[in-house]
Amino acid sequence: MSDKTMTADEVVSRLRSGMTLGIGGWGSRRKPMALVRALLRSGIGDLTVVSYGGPEVGMLAAAGRIRKLVTAFVTLDSVPLEPHYRAARESGDFELAEVDEGMFLWGLRAAANRLPFLPVRAGLGSDVMRVNPGLRTVTSPYEDGETFVAVPALRTDAALVHVNRADRLGNGQYLGPDPYFDDLFCEAAEEAYVSCERLVDTAELTKEAAPQSLLLKRLSVSGVVEAPNGAHFTSCAPDYGRDEEFQREYVSTPWPEFAERFLSGDEEAYRSSVRAWRKERP
């Protein structure tokens with residue numbers, strides 16, 4: 001067993017242009033934003049992004065880093081459609097593979113179990129098959145003879161996720177109401193990098209919550225980053241909720257202006273810029 005702690009910039013140094021990147025969380029909830037901000041500071045691009053999309057997709061799209069997006073939606077929750085994602089799609093800036101939420105989940109499950117595909121009923125009789133002409137169907141070999149969609153495995157080169165607590169070995173714990181499939185994102189990836197609100201000793205992981213909250217296993221985690229407030233401006237319940245006021249600022253500010261003010265420096269500069277912005281509020 002080894003110490004897997006590293007910085008966000010060290011995580012990004014292990015990534016590369018052209019890779020397939022899974023990003024955990026859900027919409028504008030518990031997204032690994034500190035890692036995404038570090039990625040935006042790099043020159044890495046031409047990415048295939050696999051995500052239940054939120055602001056990380058919007059930012060990477062606005063910055064021109066996405067070649068292809070695989071998703072079931074891209075939303076900010078309280079803002080139904082992520083505006084920078086919408087603008088990029090309207091401009092045809094990247095390829096889109098849009099599937100049903102359940103199909104996305106089973107694609108992750110197939111990848112986590114190292115299967116080429118899994119059969120599902122979701123998608124049959126819908127336009128999912130029309131807009132994804134590469135999807136295939138399979139027939140049950142048993143007496144029922146039922147037809148299913150063969151959802152291909154969503155294998156990724158690397159995954160980025162954020163949790164409430166983690167230890168230095170790579171075990172990760174969520175304390176909120178939902179795991180958001182972050183365990184599957186890690187298991188579906190060749191390498192997985194986890195940011196957390198707080199690093200703790202392994203023994204402390206079971207003191208704060210039930211053992212069932214131990215979501216991530218060290219065997220599927222390559223690196224751990226302690227990143228307090230690292231999901232901002234998305235939520236990381238119960239540590240903090242979504243910063244709705246700042247999210248509205250993100251939505252209403254032209255991307256070049258937002259990026260210049262909030263994303264031109266390191267993570268400490270980001271926090272300082274957010275604090276300064278908050279003081280300006282009436």
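The values are calculated or read from the model by the stated rules, or taken from the named source; none is laboratory data. Computed from a predicted structure; not experimentally measured. Please note: Cβ atoms are built from the backbone with ideal geometry, for glycine as well, and neighbour counts cover all protein chains shown.
Observations, loosely collected:
- Per this entry, residue 69 is counted among residues that are crowded, with 21+ Cβ neighbours inside 10 Å, in the same structural domain as residue 257 (by TED's automatic domain parsing), free of Cβ contacts under 8 Å to residues at least 40 places away in the same chain and hydrophobic (A, V, I, L, M, F, W, C).
- Listing of helices (runs of 4 or more DSSP H) fully contained in segment 1-110 that carry 3 or more residues being in contact with an Asp or Glu (Cβ under 6 Å, 6 or more places away or on another chain): 33-41
Residue by residue, here is whether (1) in contact with a helix residue (DSSP H, G or I) (Cβ under 9 Å, 6 or more places away or on another chain); (2) closer than 22 Å to residue 230 by Cβ; (3) surrounded by fewer than 21 Cβ atoms within 10 Å (Cβ to Cβ) holds:
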| site | (1), (2), (3) |
| --- | --- |
| 2 | no, no, yes |
| 17 | no, no, yes |
| 20 | no, no, yes |
| 37 | yes, yes, no |
| 51 | yes, yes, no |
| 62 | yes, yes, no |
| 76 | yes, yes, no |
| 83 | yes, no, yes |
| 102 | no, no, yes |
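- Answer from 199, 215, 219, 160 - the residue that is without any contact (Cβ under 8 Å) to a residue 60 or more places away in the chain, closer than 22 Å to residue 8 by Cα and touching a strand residue (DSSP E or B) at 6+ places or on another chain (Cβ under 6 Å): 215
- With respect to being farther than 20 Å from residue 192 by Cβ, assigned by TED's automatic domain parsing to the domain that holds residue 158 and buried (at least 23 other Cβ atoms within 10 Å of the Cβ), residue 55 fits the description.
- Of the residues making up segment 141-192, those that are among the hydroxyl-bearing types (Ser, Thr, Tyr) and in a loop (DSSP other than H, G, I, E, B) are 142, 174, 180.
- Residues located in segment 74-131, provided they are farther than 24 Å from residue 151 by Cα, in contact with a Lys or Arg (Cβ under 9 Å, 6 or more places away or on another chain) and of a type in the set (A, V, I, L, M): 76, 79
- Tally of residues being buried (at least 17 other Cβ atoms within 10 Å of the Cβ) and of a type in the set (A, V, I, L, M) across segment 85-95: 1
- Checking 191, 204, 257 one by one, the residue that is touching a strand residue (DSSP E or B) at 6+ places or on another chain (Cβ under 9 Å) and more than 19 Å from residue 31 (Cβ to Cβ) is 204 and no other.
- Residue in segment 139-157 that is nearest to the chain's Cα centre (by Cα), counting only those that are surrounded by fewer than 24 Cβ atoms within 10 Å (Cβ to Cβ) and hydrophobic (A, V, I, L, M, F, W, C): 153
- Residues satisfying the stated conditions in segment 223-259, i.e. surrounded by 19 or more Cβ atoms within 10 Å (Cβ to Cβ) and assigned to a loop (DSSP other than H, G, I, E, B): 227, 230, 231, 232, 233, 234, 242, 243
- Residue within segment 164-173 that is more than 19 Å from residue 47 (Cα to Cα), within 20 Å of the chain's Cα centre (by Cα), surrounded by 12 or more Cβ atoms within 10 Å (Cβ to Cβ) and at pLDDT below 95 present: no
- Every pair of residues 6+ apart whose Cβ atoms lie under 9 Å, when the first sits in segment 237-254 and is under 18 Å from residue 196 (Cα atoms) and in the same structural domain as residue 78 (by TED's automatic domain parsing) while the second is among the basic types (Lys, Arg) and not in a strand (DSSP E or B): 237/30
- Any chance residue 91 is of a type outside the set (A, V, I, L, M, F, W, C) and farther than 22 Å from residue 182 by Cα: yes
- Condition check for residue 248: more than 20 Å from residue 32 (Cβ to Cβ) and under 21 Å from the mean Cα position of the chain (by Cα): yes
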